[in-house]
Amino acid sequence: MALTNQQIAGIFNTVADMLEIKGEIIHRVMSYRRTAETVADYPREMSAVAAEGKLTEIPGVGKVLAEKIQEMLDTGQLEFYEKLRAEIPAGVVEMLAVNGVGPKKARMFWEEAKLTTIDALEAAAREGKLRDLPGMGAKSETKILEGIESYKRRVANPRTPLGEALPLAERMLARLMALPGAERGTVAGSLRRGRPTIGDVDLLVASEDAAPLMDAFVAMPEVARVLGHGESKSSVELQSGLQVDLKVVPAARWGTALQYFSGSQAHNIKIRELALKRGLSLNEFAFTPQDGSEPILCADEEAVYATIGMPWIAPELREDWGEIEAAQRGTLPKLIEIGDIHADLHMHTAWSDGALTIREMAEAARRRGRDFIVITDHSRSAGIANGLSIERLLAQQQEVRAVDAEMRDAYGFRVFHGSEIEIKADGTLDYPDDILAQLDFVVASLHVSLRQPREQITQRALNALSNPHVDLMGHPRGQLIPEREGADLDMEAVFAAAKAHDTALEINANPARLDLEAQYAKRAVELGIKLCIDTDAHSESDMDLLRYGVMTARRGWVEAASVINTWPVEQFLAWVEARGK
Ligand code: DGT
Ligand code: CA
Ligand code: CA
Ligand code: ZN
């Protein structure tokens, strides 16, 4: 079979990497990269274009690279690429995937230090052998070790972030639902449960006629490979490498199928055990009584749970974290919903690293139904984020007050002035207390020195939480999905301080953060700590990420009452006031 566009693009990209390592002129490297991009995004297969003799007519593909595409289609390989492969060890090319290693460094590690694998690079860094190479130092050596750690995690755990998978899944589902015969449809699996990362996408559609849905599904433009094309189940692999499964069931069996394919496996095992205790064997199709009587079909999930004597359990709770016992006792939480959120208390403008003006952010938030916001740009030591000096902070306050007056008059919408202050590496806060006292609301965040030892970084968090001017700790653990684990914080100590000082903890809704994650949010709820679900928006579209924060909160059993931005503005202001500002 002829090489696919993805395979051709992959080879061109690797050639570009190799040429860069060799120090080729950047023009040549860029022409490979550009062509790779063109080929990857091209709506038709290169083999089809070549069959018509029209490769050179593709915009941006010159004569030389068109010949190379032809060669790959004819022979299944590229001689130029094979030659480079013989010259540059694969491990050196692989080094480019490590954060902090560019082509010049990779070449230096190879030629000067004779390192040809990532493992060898790691060993050399651990032994302190990289720091004496030209342009290197102890700091860049540590950076490379961190980069290798993150690279290894990516390779070992190739899960897709929720924020990437969900929009894609919803797009594919919408196309299926537009077809005649599709009655109901939803995402299922870990995606429906709102896990921060997902292994594969599960789609479920109710229809009496599965075949046209299956055919449309495997023919979607995102599909790179069809893994299975059956009567009621199909699986495809997308160009991104993500797998998507589609199941089609008759509407009469929707409930059991949806319950089954939503998981989690641990939750379902317990549910099946409970069914068995009632003499019913449960699978994706039905409850089958063991006494041989007629199967019980469930058209919705409520019926499934009712059959085993319990109320419906929201999918976000189905992790076997105690939800089945709570359902049996009648003590399931009344989970927060997106409509409960009235404010966004953490957002950035063009004063620091955001895209919009204060007024534009306020308008965008108002259009999304919020009643008030707090502008929290970065503080002065956040150099790369254009953090605000004290002078700029005070000047910004004038503008916030002016916008607040206008928005208040026009719409009853309020804009408050805050800051997202750095908790600096030494544990001090980035503005003095007398400045913090002039702000309406203060978010304190860890952005730097996140790899400090547990005791040291925990102490920094405690310093911030115990400052009477700090109202909220932003994205407390500092994790980035999927590449960076959270800081090594003593979370019980963090919770105790948040509780003692009545400082709120954030559930940052950005799908790259989702921090606090559900298990920590759940613990915070148990301890009666206040939470806040913010978008940390740097642009208008960031405000639409709120749903991921709400999903995460729901996974953490969070109810609206403990979330400070569900409150009306008067209650919010009274709380901030009472905290001793
Ligand atoms: P993922 O894709 O790794 O993020 O996690 P899930 O939960 O989406 O798992 P997946 O895609 O393997 O299966 C979707 C659901 O289907 C899963 O949550 C429960 C159900 N399921 C799949 N395979 C099995 C199985 O072998 N046993 C049981 N009890 N349930 C299964
Ligand atoms: Ca899945
Ligand atoms: Ca699956
Ligand atoms: Zn922020």
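Consider the range 537-581 and keep the residues that are part of a helix (DSSP H, G or I) and of a type in the set (Asp, Glu). The one that is surrounded by the most Cβ atoms within 10 Å (Cβ to Cβ) is 542. Part of a strand (DSSP E or B), surrounded by 21 or more Cβ atoms within 10 Å (Cβ to Cβ) and away from ligand 4 (no atom under 16 Å from the Cβ): is that true of residue 442 in this structure? No; evaluated as a whole, the condition is false for this residue. Go through the range 382-438 and count every residue that is of a type outside the set (Phe, Trp, Tyr) and part of a loop (DSSP other than H, G, I, E, B). Summing the residues that are of a type outside the set (Phe, Trp, Tyr) and part of a loop (DSSP other than H, G, I, E, B) in the range 382-438 gives 17. Per the listing 263, 228, 279, 241, the residue uniquely in contact with a Pro (Cβ under 8 Å, 6 or more places away or on another chain) and within 16 Å of ligand 2 (Cβ to nearest atom) is 241.
Within the range 1-30, residues that are more than 19 Å from residue 111 (Cβ to Cβ) reach partners that are outside any helix (DSSP H, G or I) and open to solvent by less than 30 Å² (accessible area, probe 1.4 Å) with beta carbons closer than 7 Å, at six or more positions or on different chains, in the pairs 11/78.
Scanning the range 82-128 for residues that are open to solvent by 30 Å² or more (accessible area, probe 1.4 Å), within 18 Å of residue 152 (Cβ to Cβ) and among the small types (Gly, Ala, Ser) turns up 90, 97, 100, 120, 123. Screening residue 178 against (1) loosely packed, with under 15 Cβ neighbours inside 10 Å; (2) modelled with pLDDT under 95; (3) away from ligand 3 (no atom under 16 Å from the Cβ) leaves a single unmet condition, (2).
Taken over the range 43-56, residues that are more than 19 Å from residue 76 (Cβ to Cβ) and touching a helix residue (DSSP H, G or I) at 6+ places or on another chain (Cβ under 7 Å) amount to 1.
Go over the candidates 224, 266 one by one and state the one that is at pLDDT below 95, under 30 Å from residue 484 (Cβ atoms) and assigned to a helix (DSSP H, G or I).
Step by step, each of 224, 266 is checked, and only 266 is at pLDDT below 95, under 30 Å from residue 484 (Cβ atoms) and assigned to a helix (DSSP H, G or I).
Out of 280, 274, 297, 258, one residue alone is within 26 Å of residue 517 (Cα to Cα) and touching a residue at least 12 places away in the same chain (Cβ under 8 Å). It is 258.
For residue 113, the test of being in a helix (DSSP H, G or I) and of a type in the set (Gly, Ala, Ser) is failed. Assess whether residue 200 counts as being away from ligand 3 (no atom under 12 Å from the Cβ) and open to solvent by 30 Å² or more (accessible area, probe 1.4 Å). For residue 200, the condition - away from ligand 3 (no atom under 12 Å from the Cβ) and open to solvent by 30 Å² or more (accessible area, probe 1.4 Å) - is not met.
Give the residues of the range 284-293 that are open to solvent by 10 Å² or more (accessible area, probe 1.4 Å) and not in a loop (DSSP other than H, G, I, E, B), sorted by residue number. Across the range 284-293, the qualifying residues are 288, 289. Against the criterion of being acidic (Asp, Glu), over 20 Å from residue 376 (Cα atoms) and either assigned by TED's automatic domain parsing to the domain that holds residue 437 or within 16 Å of ligand 2 (Cβ to nearest atom) (or both), residue 490 qualifies.
Among residues that are touching a residue at least 40 places away in the same chain (Cβ under 8 Å), part of a helix (DSSP H, G or I) and closer than 15 Å to residue 344 by Cβ, residue 520 is not included. Within the range 55-69, none of the residues are within 26 Å of residue 123 (Cα to Cα), at pLDDT 90 or above and open to solvent by 50 Å² or more (accessible area, probe 1.4 Å).
Picking from residues in the range 269-283 that are part of a helix (DSSP H, G or I) and either open to solvent by 50 Å² or more (accessible area, probe 1.4 Å) or near ligand 1 (Cβ under 10 Å from one of its atoms) (or both), the one that is farthest from residue 212 (Cα to Cα) is 277.
The values are calculated or read from the model by the stated rules, or taken from the named source; none is laboratory data. A quick note: this is a predicted structure, and the numbers were derived from the prediction, not measured. Note that each Cβ is placed from the backbone with ideal geometry, even for glycine, and that neighbours are counted across all protein chains shown. Just the protein is used for accessible areas: all its heavy atoms, side chains included, with ligands, DNA and RNA removed. Shrake-Rupley method; radii C 1.70, N 1.55, O 1.52, S 1.80 Å.
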